[in-house]
Amino acid sequence: MKKTIRNCVMLFAVTLLAAMAWGTEQADAASQVRIDARNFPDHTIRKIARSYDKNKNGYLSPKEISKIKKVSLEDFHDTITDYKGLERFTNLRVLRCGEGKVKSKKEITLDLSKNKKLEALYLGEYNHTKSNVTKLKLTNCKKLKKLRISEATRLKTLDVKGCVALKDLEWCYCGRLTALDVSSCRALKRICVSDSRKLSKLKLGTINKMEDLVIGDCPALKTLDLRKQTKLKALHVSNAPIRKLNVSNNVRLENLCLSETPMKELNLKKQTRLDYLLVSKMPLQKLDIRSNKQLKVLIISRMSLEKLLLRNNVKLEALYITETPLQKLDISDNARLEQINLEKVPFTNLDLKNQRNLREIEISGAKLKHLDLTGTKITKEKCMPVFNHECRCRMDDKNVEIVFADGEKMISPVDSFNWK
């Protein structure tokens with residue numbers, strides 16, 4: 001009787017172990033991903049999956065999947081027509097996508113919303129590659145920090161809702177994208193948008209950590225609301241039909257570049273930290289920079305300004321003025337100036353008596369007859385190559401008498417880099 005009971009117990013134990021082993025085997029089988037055209041329709045992505053199949057059994061195990069952290073589709077120089085299967089790479093951190101040629105005409109979706117550990121995505125950004133993608137879905141990729149998109153000429157939709165860790169967003173040559181909502185990306189510090197011809201709406205919402213915003217060649221973008229971006233330090237806007245720009249809340253601005261916009265007014269009274277200012281090809285009636293006492297670099301190009309007051313800008317170190325009809329230029333209070341570049345300006349006199357720190361000057365297309373450098377650092381000797389051009393003097397206009405700080409004289413044209 002005891003022997004029978006013992007045999008029954010042993011039989012039960014063996015059966016239980018077998019059942020457990022079978023269950024484990026079934027669970028392992030269920031968690032594995034078969035490498036075939038059904039799970040990975042595109043041959044390039046299928047090829048990548050096979051490269052991680054270390055035991056060559058035709059399946060990706062959870063352990064093998066965990067090893068897939070970085071994928072570069074650009075290395076294959078193939079045209080990807082179906083991105084299905086990438087969602088299987090659940091431990092993916094960095095993805096680079098790009099094709100050598102854009103051939104496909106069908107709608108192509110890149111859905112990475114299930115790749116919850118994704119930290120960086122580069123779409124058509126590396127080595128001048130292009131992208132076939134028409135829809136990019138990154139919904140709730142909460143660990144995504146960097147997104148770079150370039151040459152995605154077919155991209156129509158970009159969904160970054162819930163990308164709460166995204167800090168750096170850059171895209172260019174996305175010709176079909178009409179709107180972008182980044183209001184839920186509350187960690188954003190930098191946005192760079194360029195060559196997006198159809199972009200007409202950029203929603204920033206209340207994100208308040210942004211420090212750097214660049215917008216270039218967006219001819220459909222007519223408005224820009226920056227009222228909540230109070231930590232903004234750098235703002236660049238060029239070739240965009242924005243008629244009004246309110247920066248009254250952006251008191252931390254240090255770098256401001258505005259070019260080829262139809263703005264007629266610009267109020268910079270609250271930008272007391274501004275140290276770099278560029279204005280170019282704008283119909284501004286006046287430029288008031290009296291409140292910008294920290295200004296170090298000022299660039300004015302192809303403007304209609306006839307008057308410029310620099311009395312309060314005593315920290316100014318570099319001044320560049322091109323094709324602007326200023327009648328005179330008073331820099332007597334700007335004794336820290338080190339560089340002056342004047343091109344096609346109408347005034348006939350330039351007083352440099354107080355410019356004891358001036359070491360570089362370039363003038364062309366002016367109406368000067370005399371240039372006195374005796375109060376500057378610019379000597380004829382220090383402009384010579386043997387001194388590695390410690391100083392620089394260039395005068396393209398003819399028959400202008402130049403007197404250097406060491407008393408030496410020359411008649412223009414003069415270019416210190418070409419002196420023998």
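List of remarks:
- Cα long-axis angle, helix 2-31 against the chain (0 to 90 degrees, to the nearest 10): 30 degrees
- Amide H contacts of VAL414: MET395, ASP396, each under 5 Å away and 5 or more positions distant or on a separate chain (H built 1.01 Å from N in the peptide plane; Pro and chain starts excluded).
- Beta bridges by DSSP in segment 348-420, antiparallel share as percent, to the nearest 5: 40 percent
- Nonlocal amide H pairs with SER72, under 5 Å, H built at 1.01 Å: ARG96
- Segment 31-177 - share of DSSP beta bridges that are antiparallel (%, nearest 5): 10 percent
- Cβ-placed point charges (K, R +1; D, E -1), dipole of the chain about Cα centre in debye, nearest 20: 2220 debye
- Farthest toward the positive end of the dipole of segment 264-346, out of PRO346, ILE289, LEU326, is the Cα of ILE289, where the dipole comes from beta carbon charges about the Cα centre.
- Phi to ³J(HN,Hα) by Karplus 6.51 cos²θ - 1.76 cosθ + 1.60 over segment 350-355, Hz, x for Gly, Pro: 9, 8, 10, 4, 8, 8
- Sequence-separation-based contact order of segment 348-420, relative, with Cα cut under 8 Å and 6+ spacing, percent: 31 percent
- Separation of the LYS143 and ALA335 label points, Cα + 7 Å toward Cβ, nm: 5.9 nm
- Taken as Cα centroids, segment 335-381 and segment 249-311 sit 22 Å apart, rounded to the nearest whole angstrom.
- Rel. contact order, % - alpha carbon contacts under 8 angstrom, at least six apart, the chain: 5 percent
- Under the Karplus curve 6.51 cos²θ - 1.76 cosθ + 1.60, θ = phi - 60°, whole-Hz ³J(HN,Hα) for segment 271-278, x wherever Gly or Pro sits: 8, 6, 9, 4, 10, 9, 9, 10
- Of all beta bridges that DSSP places with both ends in the chain, some 10 percent have antiparallel geometry.
- Taking the square roots of five times each eigenvalue of the Cα gyration tensor of the chain, the equivalent ellipsoid has semi-axes of 64, 23, 21 Å, listed largest first.
- GluC sites (Glu not before Pro) restricted to segment 235-319 and DSSP loop, no more than 13 other C-beta within 10 Å: GLU265, GLU306
- Interchain or long-range residues, amide H under 5 Å from LEU245's placed H: none
- For segment 250-360: rounded, prolate or oblate by the Cα gyration tensor [a/c cutoff 1.5]: oblate
- Per-residue ³J(HN,Hα) for segment 106-117, Karplus 6.51 cos²θ - 1.76 cosθ + 1.60, θ = phi - 60°, Hz, x for Gly and Pro: 7, 6, 10, 9, 10, 9, 10, 5, 8, 8, 5, 9
- Along the axis of the charge dipole computed for the chain (Cβ charges of +1 for Lys and Arg, -1 for Asp and Glu, origin at the Cα centre), the listed residues LEU278, LEU86, PHE76 are led at the positive end by LEU86.
No value in this document is a laboratory result; all are computed from the given coordinates. Predicted model, so just to flag it, every value in this text is computed and none were measured. All Cβ positions, glycine included, derive from the backbone under ideal geometry; neighbour counts span all protein chains shown.
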